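The values are calculated or read from the model by the stated rules, or taken from the named source; none is laboratory data. What you see is a predicted model, and the numbers here were worked out from it, not measured in a lab. Because the Cβ atoms are built from the backbone with ideal geometry, glycine has one as well, and the counts that use them run over all protein chains shown.
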Amino acid sequence: MSTSTVVTAPVGGVPEPGQPFAYIRRVLVEPDWTRLPGWRDVRREQWESAQWQRANCVKNIRQLRAVMGNLVDDRLYLELDDDQHRFATMSMLLPPQMLNTMVPTAPPDTESFYADPIRRYMLPVASDRHPIWPSHPYATRDSLHEHDMWVAEGLTHRYPTKVLAELLSTCPQYCGHCTRMDLVGNSTPTVNKLKLTRKPVDRSDAMLDYLRIHTGVRDVVVSGGDVANIPWRNLEAFVMRLLAIEHIRDIRLATKALMGLPQHWLQPDVVGGLERVARTAACRGVNLAIHTHINHVNSLTPLVARAAHTALEVGVRDVRNQGVLMRGVNATAADLLDLCFGLQGEAGIVPYYFYLCDMIPNAEHWRVAVWQAQQLQHDILGYLPGYATPRIVCDVPFVGKRWVHMVTQYDRELGTSYWTKNYRTSLERDDSDALTRRYPYFDPIDTLPETGQRWWHACERSGARRRTDSAFIQ
Ligand code: SF4
């Protein structure tokens, strides 16, 4: 196991000899944006302005070319275009902050840009996708059935005491692997997105009405999309109304923008508003946290650390990271440990979860098998403080998050794992079998032994997949 390349500078310390992972403390460094031709003249005040970042997001190939100049050749742009027409489930949207963390230590060239871990999930190209199995046969839009579990528009009640409130369907950045590809972002040539139809104010009112009545719900994830795209005044009003509900004890604000657009979370009006909300939460004994989504240590820069530390300074109780485990991005123990040490040690962010990438269309090249995730969980234990050692979890359709070692049965040949649950979702209130049923999850087919791969090919060829469904539901 070797350490991965990181955009950080070592600050001394000699790793313990003979260990599989060599820990070296590194300080964070903001990559020099002027190495990219389109930003040669961008000044620090512009870079640190949220308005400048939003106005200069890269939304299409023409804008990407304008930033990159002649650093990468046409092959990459052609493949990007091909991917957007045939595979992409998310449209392109990259704040300069995120693009600047690709190939961070030198002007990129074609090969280094192709190989970059952040490029691989934020700007996927056609050759990244698996040539035979771009999608698993059981991949679906809304693979977690969040929409099916809406109890009001955008309000998913999946766990007994927790809800997810999707206040909007946009983000300041669009991730290629987005699990909410069904709803979030603009439609693409391959995905016509579901639309929120109610006015935001009516949607919020309906959510709050539901929460006031359901006194067993104590925990609300305020999400989207990304809450950084909600005008602060509106977000603050919603959170304050949540805080007025006596039985709500935990509130987490979900924002990848803490990393993708940290400038947003450093704006004086946002910091001031966050402080008001945090003070109210503290007075009422409510745990207010920010949950972010960082997948690689190269995304951690001083601006990201400053945004996280600022949130903590104004009274947010915790900033936690929920990353996604993806091949080609972070699926080695060294990548995960480098990221977690950077999060915990340099940015004040608690490494909390790594999710297996969900079974959405065209995601097979990113997904890892359950046994690989179990191995990674094994390999990262013992290095970080226990409270900062993330759990690797599989979000099993109709079940919810399960730690990867909780699998109850596992057919490695067909890559089918079976999981149980100890609560009912809102879909199964009257289902007497919900707690004894075994729910399937599927490994990527290219990770299976030859016999398993042949089995899936034979099913696909004969069109027999649907006839096998009953075999998987136990
Ligand atoms: S920030 Fe989250 S919701 Fe937005 S595109 Fe990325 S994964 Fe999806």
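Being within 25 Å of GLY225 (Cα to Cα) and among the small types (Gly, Ala, Ser) is a property that GLY386 lacks. Only one of the listed residues (LYS199, LYS193) is free of Cβ contacts under 8 Å to residues at least 40 places away in the same chain and either over 30 Å from ARG249 (Cβ atoms) or touching a Leu at 6+ places or on another chain (Cβ under 8 Å) (or both). That residue is LYS193. So which residues in the stretch 160-179 are out of contact with any Lys or Arg (no Cβ under 8 Å at 6 or more places or on another chain) and either free of Cβ contacts under 8 Å to residues at least 40 places away in the same chain or surrounded by fewer than 19 Cβ atoms within 10 Å (Cβ to Cβ) (or both), if there are any at all? Hit for the stretch 160-179 is THR170, nothing else. Scanning the stretch 180-198 for residues that are surrounded by 19 or more Cβ atoms within 10 Å (Cβ to Cβ) and small (Gly, Ala, Ser) yields one hit, GLY185.
For LEU266, indicate whether it is away from the ligand (no atom under 16 Å from the Cβ), over 27 Å from GLY185 (Cα atoms) and surrounded by fewer than 23 Cβ atoms within 10 Å (Cβ to Cβ). When the stated conditions are applied, LEU266 does not pass them. Of the conditions (1) surrounded by fewer than 20 Cβ atoms within 10 Å (Cβ to Cβ); (2) in contact with a Pro (Cβ under 8 Å, 6 or more places away or on another chain), LEU339 fails just one. Which one is it? Only one criterion in (1) surrounded by fewer than 20 Cβ atoms within 10 Å (Cβ to Cβ); (2) in contact with a Pro (Cβ under 8 Å, 6 or more places away or on another chain) is unmet by LEU339, namely (1). I'm checking my understanding of the structure. Among residues of the stretch 198-239 that are of a type in the set (Gly, Ala, Ser), assigned to a helix (DSSP H, G or I) and away from the ligand (no atom under 16 Å from the Cβ), which one is nearest to the chain's Cα centre (by Cα)? Step by step, filter the stretch 198-239, then rank; the result is SER204. Checked across the stretch 454-464, the condition of being of a type in the set (A, V, I, L, M, F, W, C) and either part of a strand (DSSP E or B) or under 26 Å from the mean Cα position of the chain (by Cα) (or both) holds for no residue.
Look through ALA106, ALA88 and report the one residue that is part of a loop (DSSP other than H, G, I, E, B), out of contact with any helix residue (DSSP H, G or I) (no Cβ under 8 Å at 6 or more places or on another chain) and touching a residue at least 60 places away in the same chain (Cβ under 8 Å).
Going through ALA106, ALA88 in turn, just one is part of a loop (DSSP other than H, G, I, E, B), out of contact with any helix residue (DSSP H, G or I) (no Cβ under 8 Å at 6 or more places or on another chain) and touching a residue at least 60 places away in the same chain (Cβ under 8 Å): ALA88.
Residues that are among the β-branched types (Val, Ile, Thr) and part of a loop (DSSP other than H, G, I, E, B) within the stretch 136-155 comprise just one, THR140.
The rows are residues; the columns are (1) among the hydrophobic types (A, V, I, L, M, F, W, C); (2) closer than 14 Å to ALA308 by Cα.
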{"residue": "GLU246", "(1), (2)": "no, no"}
{"residue": "ARG249", "(1), (2)": "no, no"}
{"residue": "LEU253", "(1), (2)": "yes, yes"}
{"residue": "ALA257", "(1), (2)": "yes, yes"}
{"residue": "TRP265", "(1), (2)": "yes, yes"}
{"residue": "GLY272", "(1), (2)": "no, no"}
{"residue": "ARG276", "(1), (2)": "no, no"}
{"residue": "CYS283", "(1), (2)": "yes, no"}
{"residue": "VAL286", "(1), (2)": "yes, no"}
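Just checking, which of TYR353, TYR387, TYR383 is touching a Lys or Arg at 6+ places or on another chain (Cβ under 7 Å) and surrounded by fewer than 24 Cβ atoms within 10 Å (Cβ to Cβ)?
Checking each option against the conditions leaves just TYR353.
Looking across the stretch 148-179 at every residue that is closer than 23 Å to ARG120 by Cβ and touching a His at 6+ places or on another chain (Cβ under 9 Å), the one that is farthest from the ligand (Cβ to nearest atom) is identified as PRO172.
Within the stretch 380-425, how many residues are touching a strand residue (DSSP E or B) at 6+ places or on another chain (Cβ under 6 Å) and either of a type in the set (Val, Ile, Thr) or within 26 Å of GLN322 (Cβ to Cβ) (or both)?
22
Remark: pairs (first residue in the stretch 46-74, in a helix (DSSP H, G or I); second residue of a type in the set (Asp, Glu); Cβ separation under 9 Å; 6+ apart in sequence or on different chains) = TRP47/GLU30; TRP52/GLU45; ILE61/ASP81. Is it the case that the stretch 34-41 has a residue that's modelled with pLDDT of 95 or more, under 30 Å from LEU384 (Cβ atoms), in contact with a helix residue (DSSP H, G or I) (Cβ under 8 Å, 6 or more places away or on another chain) and part of a loop (DSSP other than H, G, I, E, B)? No, the conditions are met nowhere in the stretch 34-41.
Can you tell me which residue among VAL329, VAL270 is part of a loop (DSSP other than H, G, I, E, B) and of a type outside the set (Ser, Thr, Tyr)? That would be VAL329, the only listed residue that is part of a loop (DSSP other than H, G, I, E, B) and of a type outside the set (Ser, Thr, Tyr). Among (1) outside any helix (DSSP H, G or I); (2) free of Cβ contacts under 8 Å to residues at least 12 places away in the same chain; (3) of a type in the set (A, V, I, L, M, F, W, C), where does LEU78 come up short? Just one mismatch for LEU78, condition (1).
Picking from residues in the stretch 123-146 that are over 18 Å from CYS175 (Cβ atoms) and more than 18 Å from the chain's Cα centre (by Cα), the one that is surrounded by the fewest Cβ atoms within 10 Å (Cβ to Cβ) is PRO131.
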